[in-house]
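To start, the structure under review is shown below, and the notes come after it.
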Amino acid sequence: PVLAAPAHVEATLREGAGKRFLFVLNHGAAAVAVPLAGHRGVDLLSGIRAAGTLQLPALGAAVVALE
């Protein structure tokens, strides 16, 4: 797995053309904190810098352009 994500959270890493993106989807009905395990970058959906832990609302999503 890409991350040790909480229950109901899906994480996928996509790479191509020299860029890497981390897709994190919360399929659950509650907000979650997802540890990023050393990954860092900018969430393209919110514009917020992601490092350490990513906060996702219920049914939330993030697409992190990794550094």
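Applying the set (1) among the aliphatic types (A, V, I, L, M); (2) touching a strand residue (DSSP E or B) at 6+ places or on another chain (Cβ under 6 Å); (3) not in a strand (DSSP E or B) to residue 54 leaves exactly one unmet item: (3). Checked against (1) assigned to a loop (DSSP other than H, G, I, E, B); (2) open to solvent by less than 70 Å² (accessible area, probe 1.4 Å); (3) modelled with pLDDT of 95 or more, residue 6 meets all criteria but (3).
The set of residues from region 40-66 being among the charged types (D, E, K, R), open to solvent by 50 Å² or more (accessible area, probe 1.4 Å) and under 18 Å from residue 12 (Cβ atoms) comprises just one member, 40. None of 49, 40, 20 is touching a residue at least 40 places away in the same chain (Cβ under 8 Å) and of a type outside the set (Gly, Ala, Ser) except 20.
Of note, residue 11 does not satisfy the criterion of being at pLDDT below 95 and surrounded by 15 or more Cβ atoms within 10 Å (Cβ to Cβ). Considering only residues in region 21-38 that are in a strand (DSSP E or B), of a type outside the set (A, V, I, L, M, F, W, C) and at pLDDT 95 or above, the one that is least open to solvent (accessible area, probe 1.4 Å) turns out to be 26.
The values are calculated or read from the model by the stated rules, or taken from the named source; none is laboratory data. Values in this document were obtained by computation on a predicted structure and should not be read as measured data. For neighbour counting, all protein chains shown are included, and Cβ atoms are generated from backbone atoms with ideal geometry for every residue, glycine included. Surface areas here come from the heavy atoms of the whole protein model, side chains and all, with no ligands, DNA or RNA. Shrake-Rupley method; radii C 1.70, N 1.55, O 1.52, S 1.80 Å.
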